[in-house]
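What follows is a single structure, written as structure tokens, with notes after it.
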Amino acid sequence: MRYRYNPQCPCGRCRAHGLMGPAVLISLGVLFLLDQLTNVRWLDFDRTWPAFLIVIGLVMFLQHNASMEGHVPRLYGPPAWQSQVQQYGAPQQPQPPVPPPPPSPPAGPIVPETNWNKPDNPGVHNG
């Protein structure tokens, strides 16, 4: 079975899946802070950016080596509660087909005497 991330799963691997964004943002903030607070040349941001690659690699290492004990597989399709209702609930009765609505009557011809722009015409109703 192939592993798929499930946000509702309590296993360690699924919990570690959400660490990438916060780890990158924290490391970005620390590197910019070191760049601003120190006058040491080797702590400038243009020399410390490979730390991002290290942080990303560490988080990926943690994700792939975390325990899958208690993993709840992600279901694609109908929600789990619907499938349980169908399995254990009352037997589903087939629904009768719904007849299509009757066709609408054809519109009558437009007569040339009809004036559509006259507001006092009793045949024209707004609203």
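Observations, loosely collected:
- Number of the condition not met by Val59 [criteria: (1) of a type in the set (A, V, I, L, M, F, W, C); (2) farther than 30 Å from Cys9 by Cα; (3) touching a Leu at 6+ places or on another chain (Cβ under 7 Å)]: (2)
- Index of the failed condition, Gly70 passing every other in (1) on the phi < 0 side of the Ramachandran plot; (2) at pLDDT 80 or above: (1)
- Matching residues in region 18-77 - criterion: being under 16 Å from Arg4 (Cα atoms), loosely packed, with under 11 Cβ neighbours inside 10 Å and β-branched (Val, Ile, Thr): none
- Residues being assigned to a loop (DSSP other than H, G, I, E, B) and among the aromatic types (Phe, Trp, Tyr) - total across region 1-60: 3
The values are calculated or read from the model by the stated rules, or taken from the named source; none is laboratory data. Because the structure is a prediction, the values reported are computed rather than measured. Note that each Cβ is placed from the backbone with ideal geometry, even for glycine, and that neighbours are counted across all protein chains shown.
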